[in-house]
1. I'd like the full set of residues that are part of a helix (DSSP H, G or I) and either open to solvent by 50 Å² or more (accessible area, probe 1.4 Å) or in contact (Cβ under 8 Å) with a residue 60 or more places away in the chain (or both), limited to the range 3-20.
2. For the range 27-50, enumerate the residues that are farther than 30 Å from G112 by Cα and either part of a loop (DSSP other than H, G, I, E, B) or under 13 Å from the mean Cα position of the chain (by Cα) (or both).
3. Go through (1) among the aliphatic types (A, V, I, L, M); (2) closer than 30 Å to F116 by Cα; (3) in a helix (DSSP H, G or I); (4) open to solvent by 60 Å² or more (accessible area, probe 1.4 Å) for I65 and report which single condition fails.
4. For the range 37-50, check the following and say yes or no: at least one residue is closer than 15 Å to L18 by Cβ and open to solvent by less than 40 Å² (accessible area, probe 1.4 Å).
5. How many residues are among the hydroxyl-bearing types (S, T, Y) and either open to solvent by less than 60 Å² (accessible area, probe 1.4 Å) or not in a helix (DSSP H, G or I) (or both) when one looks only at the range 69-119?
6. What's the number of the only condition in (1) without any contact (Cβ under 8 Å) to a residue 24 or more places away in the chain; (2) farther than 28 Å from G7 by Cα; (3) surrounded by fewer than 16 Cβ atoms within 10 Å (Cβ to Cβ) that H32 fails to meet?
7. I'm told Q59 meets every condition in (1) touching a residue at least 24 places away in the same chain (Cβ under 8 Å); (2) open to solvent by 70 Å² or more (accessible area, probe 1.4 Å); (3) assigned to a helix (DSSP H, G or I) except one. Can you identify the failing condition by its number?
Amino acid sequence: MSPSFSGLPVILQTTLLLAISNVFMTFAWYAHLKHLNERPWWVAALLSWGIALFEYLVQVPANRIGNTELSLAQLKIVQEVVTLAVFVPFVVLYMQQPLKLDYLWAGLCLLGAIYFIFR
């Protein structure tokens, strides 16, 4: 059974599911840098792999739902925008890294990508 927000437009369903998926992905890829730095790399890899399973359980249905109305290129750009939207709060709030103006510039570049891919 795939997660669904069936009353919502496809783009919104896809974006919400990709946001959930990206939370798992971001933790799988980067949280071990904060918590498992002293452990062998393979411990972090196995833990990350377990977290990534939950990412895929949400990401695959998100892409299938999105692909009903969006092109593959549009899906990819939506994914990148969602990734940045999840990554910046993760870096600042969870990893306690400074907020950088570069995130704004990256976001503006993605707005350009959205414009060109959806026009």
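The values are calculated or read from the model by the stated rules, or taken from the named source; none is laboratory data. Keep in mind that what you see is a predicted model, and the values were worked out from it rather than measured. Quick reminder, even Gly has a Cβ in these numbers, built from the backbone with ideal geometry, and neighbours come from all protein chains shown. Just so you know, the surface numbers come from the protein's heavy atoms only, side chains and all, with ligands and any DNA or RNA stripped out. Shrake-Rupley method; radii C 1.70, N 1.55, O 1.52, S 1.80 Å.
1. V10, I11, L12, T14, T15, L16, L18, A19, I20
2. Once the filter is applied, which keeps residues that are farther than 30 Å from G112 by Cα and either part of a loop (DSSP other than H, G, I, E, B) or under 13 Å from the mean Cα position of the chain (by Cα) (or both), the range 27-50 yields L36, N37, E38, R39, P40.
3. Going through (1) among the aliphatic types (A, V, I, L, M); (2) closer than 30 Å to F116 by Cα; (3) in a helix (DSSP H, G or I); (4) open to solvent by 60 Å² or more (accessible area, probe 1.4 Å) one by one, I65 breaks only (4).
4. So the first thing to find is which residues in the range 37-50 are closer than 15 Å to L18 by Cβ, and the list is none.
Within the range 37-50, none of the residues are closer than 15 Å to L18 by Cβ and open to solvent by less than 40 Å² (accessible area, probe 1.4 Å).
5. Keep residues of the range 69-119 that are among the hydroxyl-bearing types (S, T, Y), which gives 71, 83, 94, 103, 115.
Those still in the list that are either open to solvent by less than 60 Å² (accessible area, probe 1.4 Å) or not in a helix (DSSP H, G or I) (or both) too: 71, 83, 103.
Qualifying residue count for the region: 3.
6. (3)
7. Tallying (1) touching a residue at least 24 places away in the same chain (Cβ under 8 Å); (2) open to solvent by 70 Å² or more (accessible area, probe 1.4 Å); (3) assigned to a helix (DSSP H, G or I), Q59 fails exactly one: (2).
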